[in-house]
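Shown next, in structure tokens, is the structure this report addresses.
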Amino acid sequence: MIAHVEGVLREKTPTRAVVMVGGVGYELHVSLTTFSALPDAGKPVSLRVHTHVREDAIVLFGFHTDLERALFEQLIRTSGVGPKLAQAVLSGMPPRDLLAALTREDLAALRSIPGIGLKTAQRLLVDLRDRIGELAAAAVADGGAPAASTPASDAFEEVVSALVNLGTQRVRAERVAREVADEFGGAETPIESWVRAALRRLSR
């Protein structure tokens, strides 16, 4: 079971990272929160890992903080929430904000996350109610350098790819990405800001 990976970041996108360790490249699925904390390619990186074993594959999920990994592991214990949806949840709301919403049982905040409907939000509140103390103990201050900006001309395909990887149909992802591009008006913007803006549009 892989619990931690430390090596050199080979490549990154808003939903995945490849970390080189001893000549082997490990692919890790990441949230926007972890993506924004990643260094530039070629730099050292250290990530907490959840190893998800399926019948046909072993999938690694990477996290910048203990809190994010703890939230992910509690989310996938909830009925109807698989790893892909848990990744989308942590992309739609930063870990500390998600913990706060769970603590105050804020149903509206949970329903604002793309992919989370009323029934799933209610299940999260019920299933995680007794685990809030455990999650709070895992809370740590988020670190990392400020996110790098991405020129608008280069961001469109990354935004579309991220939305598709998070479960959006490509035609809809392209439409929303164009709307976000118009919203930012060509300004250089962190890619995670682009994706979060697109996710907000999808949740309307």
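Of the strands (runs of 3 or more DSSP E) lying entirely inside region 10-122, those carrying at least 2 residues that are of a type in the set (Phe, Trp, Tyr) are 58-63. Restricting Asp56, Asp40 to residues that are touching a residue at least 60 places away in the same chain (Cβ under 8 Å), surrounded by fewer than 23 Cβ atoms within 10 Å (Cβ to Cβ) and of a type in the set (Asp, Glu) narrows the list to Asp40. Restricting attention to region 65-75, does a residue exist that is of a type in the set (A, V, I, L, M, F, W, C), within 30 Å of Gln122 (Cα to Cα) and open to solvent by 70 Å² or more (accessible area, probe 1.4 Å)? No, because not a single residue in region 65-75 is of a type in the set (A, V, I, L, M, F, W, C), within 30 Å of Gln122 (Cα to Cα) and open to solvent by 70 Å² or more (accessible area, probe 1.4 Å).
Yes or no, residue by residue, for (1) modelled with pLDDT of 80 or more; (2) closer than 25 Å to Thr78 by Cα; (3) buried (at least 16 other Cβ atoms within 10 Å of the Cβ):
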| site | (1), (2), (3) |
| --- | --- |
| Leu110 | yes, yes, yes |
| Ile113 | yes, yes, yes |
| Leu128 | yes, yes, yes |
| Ser149 | no, no, no |
| Ser161 | yes, no, yes |
| Val180 | yes, no, yes |
| Thr189 | no, no, yes |
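If you go through region 16-30 one residue at a time, do you hit one that is hydroxyl-bearing (Ser, Thr, Tyr), buried (at least 17 other Cβ atoms within 10 Å of the Cβ) and within 16 Å of the chain's Cα centre (by Cα)? Scanning region 16-30 turns up no residue that is hydroxyl-bearing (Ser, Thr, Tyr), buried (at least 17 other Cβ atoms within 10 Å of the Cβ) and within 16 Å of the chain's Cα centre (by Cα).
The values are calculated or read from the model by the stated rules, or taken from the named source; none is laboratory data. If you're wondering where the values come from, they're calculated on a predicted model, not measured in any experiment. Virtual Cβ from ideal backbone geometry, glycine too; neighbours counted across all protein chains shown. Just the protein is used for accessible areas: all its heavy atoms, side chains included, with ligands, DNA and RNA removed. Shrake-Rupley method; radii C 1.70, N 1.55, O 1.52, S 1.80 Å.
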